[in-house]
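Q: Have a look at this one before I ask anything.
Every read-out reported here was derived from the displayed coordinates using simple, explicitly stated rules and does not represent laboratory data. Since the model is a prediction, treat every value here as computed from it, not as a measurement.
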Amino acid sequence: MSRGGLLMIVCLLAMLLAAAVGGVMAWNAMGGGGPEQGISLHGFIALGLGILGSLIVGGGLMALVFFSSRSGHDEAVHREVTERMPPDGGQL
């Protein structure tokens with residue numbers, strides 16, 4: 001692994017650690033963890049499904065952008081729009 005790749009991994013892990021520590025500090029500052037503010041099993045299931053669903057939707061949208069770019073459809077639309085533009089560069 002190159003030196004730049006290793007540095008990037010170390011920086012990303014440091015940011016992940018900082019976010020986790022900040023989340024724990026915020027949770028404790030709000031009095032979290034007490035018996036009256038605990039999350040039930042159903043709450044954890046809903047939280048996990050929400051995170052999983054968000055990752056699936058985000059990954060699917062990224063895949064669509066990638067495949068759209070690779071298929072050439074974006075260039076075809078750009079070419080059509082530039083052909084219909086007036087020579088002076090004004091609005092359509």
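Q: How big is Rg to Rh over the chain, alpha-carbon atoms, Rh as the Kirkwood inverse-mean-distance radius? Before the final figure, lay out each step's value.
A: On the way: Rg = 23.6 Å, Rh = 18.9 Å.
With Rg and the Kirkwood Rh in hand, the quotient comes to 1.25.
Q: Kindly express, to the nearest 10 degrees and within the range 0 to 90, the angle between helix 3-29's C-alpha long axis and the longest C-alpha principal axis of the chain.
A: Orientation of helix 3-29: about 50 degrees from the principal axis.
Q: Using alpha carbon coordinates only, what is the Rg to Rh ratio of segment 43-88, with Rh defined as the Kirkwood radius? Don't jump to the answer; show the numbers that get you there.
A: Details: Rg = 18.6 Å, Rh = 13.4 Å.
Radius of gyration relative to Kirkwood radius: 1.39.
Q: Then there's this: Can you tell me the orientation of helix 41-71 relative to the chain, as the angle in degrees between its alpha-carbon axis and the longest Cα principal axis, to the nearest 10?
A: 20
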